[in-house]
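Quick notes on the structure that follows.
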Amino acid sequence: MPKPVPSSATPPLPNATRFPVSESALTSLLPAFTDFLYDFKSPYYPWAIPGVSLPLAPPKLINCCTFAEALLVKAWANTYGQAFQWNSKRHGQMMITSASDLFSPVTAVIEAEMGTPVAANQPPSAWCLLQGWRSSTSGHTFIIAAYHAATDRVLTLEANAAYSIKGVGYRNFGSIRDFPGGRPPSRWWESSAAPTWRGILSAYPQGLKMAKLNVYGLSWSGLPPV
């Protein structure tokens, strides 16, 4: 059976999976998170997730796992409809409900054929999902939307109540509500505020894993073409 392809198909990508999506499928959803604030214990979703019954906003409260799941699953479901399957098992992985896999958000997107694993010794690239652990009880799920290799700086997209973010935003820069159209700061990689990949690694000494999401049509970060 032929693999499903999005309506605006592109040539095969190096990280080809069954389900590639356009970057615009993700970034067009970001305005829905503008007014959300961070709440670790009582998050709500901006929309329904296929295959799972979850609490919907209001109130507009979100945490790191909920944001990642809401953004990614909605983008993939919008692109592929019923060809893309999500369920309670995948939701549980995004919420890290089992101690048997502390990096289960990464496992979930790989198993759902949304992305591919990245080796531990490799730097990130655009649109990677990461799970990091600061300690045995303090973890964080987040996205690296872009990586500037020459400066080692990354642009994160995450839900947080730290790093100048109050809700959903870009680490060390602020919430998406602080920027016109929610777009990241212009030439962010030239700012000393932008986190480095080296700094990200040191922030999660108890472990960090990531998956490269199969996203094409990149322009959101403002990086020049390579």
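Using packing as a proxy for protection, rank 164-172, 183-191 so that the peptide with the highest average count of other Cβ atoms within 10 Å comes first.
Most protected by this proxy first, the peptides run 164-172, 183-191.
Adding -39500 (n - 2.57) for every DSSP H run of four residues or longer, then dividing by how many residues the chain holds, sets the calculated 222 nm ellipticity at -5500 deg cm²/dmol.
State to the nearest 20 debye the size of the charge dipole of region 42-137 about its Cα centre, where the only charges are +1 on K and R beta carbons and -1 on D and E beta carbons.
The calculation lands at about 220 debye.
When a/c reaches 1.5 or more, the comparison of a/b and b/c decides; with that in mind, is the chain rounded, prolate or oblate per its Cα gyration tensor? Rounded, since a/c falls under 1.5.
Sequence neighbours fewer than 8 away in the same chain don't count; with that in mind, list the lysines whose C-alpha is under 27 Å from LYS89. Answer for LYS89, where 27 Å is the Cα cut-off: LYS3, LYS41, LYS60, LYS74, LYS209, LYS212, listed by chain and number. Assuming a ≥ b ≥ c are the square roots of the Cα gyration tensor eigenvalues, decide whether region 117-173 counts as rounded (a/c under 1.5), prolate (otherwise, with a/b larger than b/c) or oblate. Here region 117-173 falls in the oblate category. Only the Cβ atoms of Lys and Arg (+1) and of Asp and Glu (-1) were treated as charged; on that basis the dipole of the chain about its Cα centre amounts to roughly 60 debye.
Near ARG198: Cβ cut-off under 13 Å, other residues only, Lys/Arg at +1 and Asp/Glu at -1. The net charge is 0.
Solvent-accessible surface of the chain, taken per residue with a 1.4 Å probe and all protein chains present: 47 Å². Over the chain, with every protein chain in place, what whole percent of the accessible area is carbon and sulfur at 1.4 Å, could you tell me? Roughly 56 percent, rounded to a whole number. Rounded to the nearest 20, the size of the Cβ-charge dipole of region 16-86 about its Cα centre is 120 debye, with Lys and Arg at +1 and Asp and Glu at -1.
What is the calculated FRET efficiency for SER53 to GLU111, with r their C-beta to C-beta distance and R₀ = 22 Å, to the nearest 0.05? Result of the calculation: an efficiency of 0.55.
The values are calculated or read from the model by the stated rules, or taken from the named source; none is laboratory data. Nothing here was measured: the structure is a model prediction, and the numbers come from that model. A quick note on method: Cβ atoms are made from the backbone with ideal geometry, for glycine too, and the neighbour counts reach across all protein chains shown. These accessible areas exclude ligands, DNA and RNA; they are computed on the full protein's heavy atoms, side chains included. Shrake-Rupley method; radii C 1.70, N 1.55, O 1.52, S 1.80 Å.
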